[in-house]
Structure formats: structure tokens, C-alpha cells
1. Across the stretch 379-393, what is the number of residues that are part of a loop (DSSP other than H, G, I, E, B), surrounded by fewer than 17 Cβ atoms within 10 Å (Cβ to Cβ) and either out of contact with any His (no Cβ under 7 Å at 6 or more places or on another chain) or of a type outside the set (A, V, I, L, M) (or both)?
2. Here is a check on your reading of the model: is THR80 exposed (fewer than 15 other Cβ atoms within 10 Å of the Cβ) and within 28 Å of ILE347 (Cα to Cα)?
3. May I ask you to say which residue of ARG442, ARG376 is closer than 24 Å to SER353 by Cα, at pLDDT below 80 and not in a loop (DSSP other than H, G, I, E, B)?
4. Name every residue in the stretch 339-368 that is crowded, with 16+ Cβ neighbours inside 10 Å, assigned to a helix (DSSP H, G or I) and of a type outside the set (Ser, Thr, Tyr), in order of residue number.
5. Could you identify the single residue in ASN404, ASN371 that is more than 17 Å from the chain's Cα centre (by Cα), surrounded by 17 or more Cβ atoms within 10 Å (Cβ to Cβ) and either modelled with pLDDT of 90 or more or closer than 28 Å to GLY149 by Cβ (or both)?
6. In the set ARG324, ARG304, ARG285, which member is surrounded by 18 or more Cβ atoms within 10 Å (Cβ to Cβ) and in contact with a strand residue (DSSP E or B) (Cβ under 8 Å, 6 or more places away or on another chain)?
7. If you check every pair at least six apart or on different chains, which have Cβ atoms under 8 Å apart with a residue in the stretch 110-122 that is within 21 Å of ARG384 (Cα to Cα) and at pLDDT 90 or above first and a residue that is surrounded by 15 or more Cβ atoms within 10 Å (Cβ to Cβ) and of a type in the set (D, E, K, R) second?
8. I need the full set of residues from the stretch 302-356 which are farther than 30 Å from PRO255 by Cβ and charged (D, E, K, R), in order please.
Amino acid sequence: MKDGVKVTRVLLVEDDEALGSLLHEELRDAGHKPDLASTAEKALSMAMAEIYDVIVSDLRLPGADGLALLKKVRNALPETAPDFLMITAFGSVARAVECLKAGAEDFLTKPLDLEHFHLTIRRILEKRALRSTIADLRQMETDKTVFHGMYGRSPQMLRLFRQITQIAQADGPVLIHGESGTGKELVARAIHMESHCADGPFLVVNCAGIPEALLESEFFGHTAGSFTGAQAGREGIFAEAEGGTLFLDEIGDMPAALQAKVLRMLQDGKIRPVGSNQERQVRVRIVAATNHDLEQRVSEGSFREDLFFRLETFALRVPPLREREDDIELLAAMFLQQHALRLEKPIRGIHSSVTETLRNYSFPGNVRELNNAIERAVVFCGGRELLRKDLPARMRKDITSGANGVGDGKVLMIDDHSLPSLLEVENRYITHVLERVSGNKRRAAEILGIGRRTLYRRLTEIQSSSASYIPDG
């Protein structure tokens, strides 16, 4: 790699020996891997035998010309044809335009400006990378790894996808549990899209984001003059969601007075606007979400028990990212493709050190945090591959430094008055690493540099010789 450009295969087709040698040397010095052919027939044979990213061809060649070569390659390799850069004499511009119509990416006129030549090659490769990114995203949409905007191939996510499909066929309310950043709104939207009311509206309300004094009016509407400032009547959110789905986010923060009214709506499907004596029947699917422990809030008296049981007719749990290790690499690649495409940056891969760092990180912010981290890395990336230095500093901290808020970072600190044995130090470090990866023994074994069978044996020895806490996993 040179100047941030990935090493690419380039087929150079030029019968002028001096020019061919010059361009071959220029491409090689730029970090590409060029091959040279002097005729269209030889070039076609090489293109069938090797995979090239770009063919740079003179238009005028002995025998078949560059245009004929372009057409033959595109016909023979309709899905994987390399991009074409045509070189022509100044007087053959009209012929070069014909090449563009046949599928060439660009053309240059002789005498060549070498700086312009390199810039053109770079631009062609960047456009090729973006096309590949679009194709990858479309392929992911057809794979089993994507479900209504959620990506995952882990057993936890595949099970969640199945549960969503099943629950969507019913009409009862749904309560979604999950930490912040896990994608609870995406789950709610997927339930809506899989249900019989998919053609209806999907409205989102953050119960913690509306002033308490306005909550009843926002939810149930009001009549004109029902309170100061109510110059005109308005429909509430329940009425606006008629025939669709209403997603109540952060339901645990809903005031107690409103909880009783929502419960009644769930029981009989009727609402009464503020200031009105008339009730109205509405047909709305309620999906609620929380990152709080609602059972604890019920025991504390801040959330109605009867509303909790009514909402939990169907309950879903969105797993945190630390429980979806198999999805981290998939999600990182998907976010990379999206942000690289949006920012028009020709980044095509993620270095193995980045993948290793992400797998070792606990992700307290879950999928949202990973998305933000990859977006930041794409912005700061100066090449065609994300590197570890592009990640946020908190993710790059060493596993023994107390990063991620887990542990105190002092697992190996030694008091001179109480020197442990080497075995004790090893046991303490093994326990610490296992805690840091949330009990994932496969990851712990990789970090420790030992086999899993060895790790299991050491854990058995630790458990039998001390009261050290060994996380399950």
C-alpha cells in the first residue's frame, strides 16, 4: 500500500515498448501490481486467467484495437469485468467517446500527463470500491443477517427475529426490555412491519421527553378552551396512531397519573380528550420499551403493577452487544460500508487489530456506541483500511488498565510485605481476564494465549483451591 491506496492488479495494454515500460514502472512505484501486454489478443487471454481491477489500454493496437478488447472483456466477464481506462491520440477523441459509451470509465490523450494519469487511476479505484460497497449492502439485505434494519447472525438475534415474527401476528401489547443503545425502537418498528397494521402509522413517543403537564393532552388530545392556551382542539397521539402502532419509549418514566389512563385505554380501547365528555374508540397496537427494571419499580411503588402485567402480555428482551460477540464483526463491517459510502471514502476493510480490540471491549453503549465508534474511525482513517489508532481512546486501553469501567486495574499490584507465588499471580490474572470478557471462555483463552482445555483445567484448579469468583459463560 502506498499513499493510502490498496495494492491492485492492473493490466497495461500498450504496443509502444518505451511507453509501456514507463507506465509499468509508474504503476509499480505507486504500489500497484501491473502486468503488461502488447496486443489485445494477449490481453484478453490474461484477463481470462487473472483477476484485474483495472485495464489501461491504448486505443490503437496491432490487430484488434482497444475498443474491441473492451467489448470482449465485458461480454466474457459481465459480473467481474475490470474497469477500463483508454489511452488515445489527441486526434481520436471522437473514438474515445465511443469507448465511454461502450463502458470505459475514462480516457486520456497522448502525450500523457503522468500526474493526471495517477489521479485518474485513483479515482477509478475509488469509484470501484464504492460500487462494491453498494453491492455488499444489497447482498446483506438478501441474506439472513438482516431483519427490518437489524443485523445479526448470533443465536440470540436469530431467536429474537423469530419471536418478533410470531408476536407480530397477535394484537396484544408488547413490552421490550433492553439496555440503552440495543435498538429497542428497531424491534418495535419490526413488529409493526410484520403485523397486519403495517400499512398504518408508526408513531414514537418518548415518555421521558414530554413535560408532565402536557402528557395527558399529548396522549389523549383536548377540546378547544379545555385549558389556558388551548385555542383549538387537537387529536392526541392515540388518535393519530389509529390503525397502526404506537411505540411508548421509556415507559418506566411515565407519571403515575397517566399510567392509570393508559391502562384503561389498553383494557377497553377507549380514550377521552381533555375537556370532553365523550369517549372515542381507537384501534392501536401498543409497544412499550424500557431500560429500567419495571418489576423493581413496581415493588418501589413508582409503576403500577396492573399496567406492568398488561404490558407484559408479550415480552421481548433485546440482548446487549456483549452477549452477541458473533455479531460484532458483522455490525462493524456494515457500519463501515454505510459511513464510507455516505462520506465517499474508499475504505474497504478493517484491520485484524481493530476486530480484536472490538471483541475485547464491553460496549456499555451497545450497538449505538459501536456505530458511533466506526463513524469516528471512518472520518479519521487516512487509508483504505480502518486501523486501531482510528478507534476512540477508551476502546484502545489495555485490558489490564481498568478500562471500560470493569475491575479496578490493580489485579497485579503486589504488596512488598505479602509477595504472592507465581501460581497465585497467574490465577488472579486468569480470573481478572475472565471477568473482563464477561465470562466468555473462548475469548479469555485467546487473550491468555492458552488452549481452552488448559483454561478449563486451570479454572478447576482455582475453584478447588480458593474462593475466587469465576464468571459463568
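The values are calculated or read from the model by the stated rules, or taken from the named source; none is laboratory data. All values derive from a computational prediction rather than experimental measurement. Ideal geometry is used to build each Cβ from the backbone, glycine not excepted, and the neighbour counts take in all protein chains shown.
1. Step one: filter the stretch 379-393 for residues part of a loop (DSSP other than H, G, I, E, B), giving 381-384, 387, 391-392.
Retained after the next criterion (residues that are surrounded by fewer than 17 Cβ atoms within 10 Å (Cβ to Cβ)): 382, 387, 392.
Applying the additional criterion that residues be either out of contact with any His (no Cβ under 7 Å at 6 or more places or on another chain) or of a type outside the set (A, V, I, L, M) (or both) yields 382, 392.
So the count comes out to 2.
2. Values: exposed (fewer than 15 other Cβ atoms within 10 Å of the Cβ): yes; within 28 Å of ILE347 (Cα to Cα): yes.
It is true that THR80 is exposed (fewer than 15 other Cβ atoms within 10 Å of the Cβ) and within 28 Å of ILE347 (Cα to Cα).
3. Details: ARG376 fails: at pLDDT below 80.
Within the list ARG442, ARG376, the selection yields ARG442.
4. Selection gives HIS339, ALA340, LEU341, VAL354, LEU358, ARG359, ASN360, ASN366, VAL367.
5. On the way: ASN371 fails: more than 17 Å from the chain's Cα centre (by Cα).
Just one listed residue meets the conditions, ASN404.
6. Result: ARG285 is the single residue among ARG324, ARG304, ARG285 that is surrounded by 18 or more Cβ atoms within 10 Å (Cβ to Cβ) and in contact with a strand residue (DSSP E or B) (Cβ under 8 Å, 6 or more places away or on another chain).
7. The qualifying pairs are PHE117/GLU26; HIS118/GLU26; THR120/ASP106.
8. ARG322, GLU323, ARG324, GLU325, ASP326, ASP327, GLU329, ARG342, GLU344, LYS345, ARG348, GLU356, listed by residue number.
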